[in-house]
Amino acid sequence: MSAFTAHLSAHRRTYGEILLGCVTVASLLQAIFDFRLTPPWRRESVALKVSMPDSGQLPMCATISGVGRAPKGKAIWLAHQEYEDSTFYFNPVQVDPDDGGHWRVRTQVGDAKGAHVRYVFQAILVDDAWGEWLTKVAQADGLGATQLPPHSDASTKLIVPRNGDKRSCA
């Protein structure tokens, strides 16, 4: 092998490595764009609201209501937690399309020890895929999450105390 052939062979390997690097970078960029991360300034603005109960307090088995419409491919869920706790519990809401987007959900708020404790409620808008995951979380008895699903829009927090009623939803 002549010196020229060896030099050319070394360049081919270098060009091949450069080409492989470019293909790798292009694949990564494609994956990033396919992941469809929507920056906050480009998200749809959807009004979500959790309504304060008439009495200003909730029983342990409560019906929570609110207003909001979910665009196609999204779902509204209710997230709640004790005021200073980091665990969220989730319930799907049923939106009445004929009633201006009003929704209701019956859920147990805390346990028998949670009387007179403050709870935080938020309506969240999630992609249908996250809704499927939340369904699994909600169906597992007592299972919660330490944060809201990523890329979810959330209503303003509503803080409501629970009254002394200890009747469960069961």
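The values are calculated or read from the model by the stated rules, or taken from the named source; none is laboratory data. Predicted model, so just to flag it, every value in this text is computed and none were measured. We place every Cβ from the backbone using ideal geometry, glycine too, and count neighbours over all the protein chains shown.
Got at least one residue in region 110-129 being of a type in the set (S, T, N, Q) and either without any contact (Cβ under 8 Å) to a residue 12 or more places away in the chain or over 14 Å from residue 155 (Cβ atoms) (or both)?
no
Within region 126-170, the set of residues being exposed (fewer than 14 other Cβ atoms within 10 Å of the Cβ) and of a type in the set (A, V, I, L, M) comprises 129, 140, 143, 159, 170. Taken as a whole, region 109-118 holds no residue that is under 18 Å from residue 93 (Cα atoms), surrounded by 11 or more Cβ atoms within 10 Å (Cβ to Cβ) and either touching a Ser or Thr at 6+ places or on another chain (Cβ under 8 Å) or charged (D, E, K, R) (or both).
If I filter region 118-170 down to residues being more than 30 Å from residue 55 (Cβ to Cβ) and of a type in the set (Gly, Ala, Ser), which single residue comes out as modelled with the lowest pLDDT? Working first, answer last.
First pass over region 118-170, keeping only residues more than 30 Å from residue 55 (Cβ to Cβ): 127-133, 135-136, 140, 146-147, 149-151.
Subsequent filtering for residues that are of a type in the set (Gly, Ala, Ser) retains 129, 131, 140.
Details: 129: 86, 131: 85, 140: 71.
The qualifying residue modelled with the lowest pLDDT is 140.
Here residue 103 clears all of (1) assigned to a loop (DSSP other than H, G, I, E, B); (2) surrounded by 14 or more Cβ atoms within 10 Å (Cβ to Cβ); (3) in the same structural domain as residue 88 (by TED's automatic domain parsing) except the condition numbered (1).
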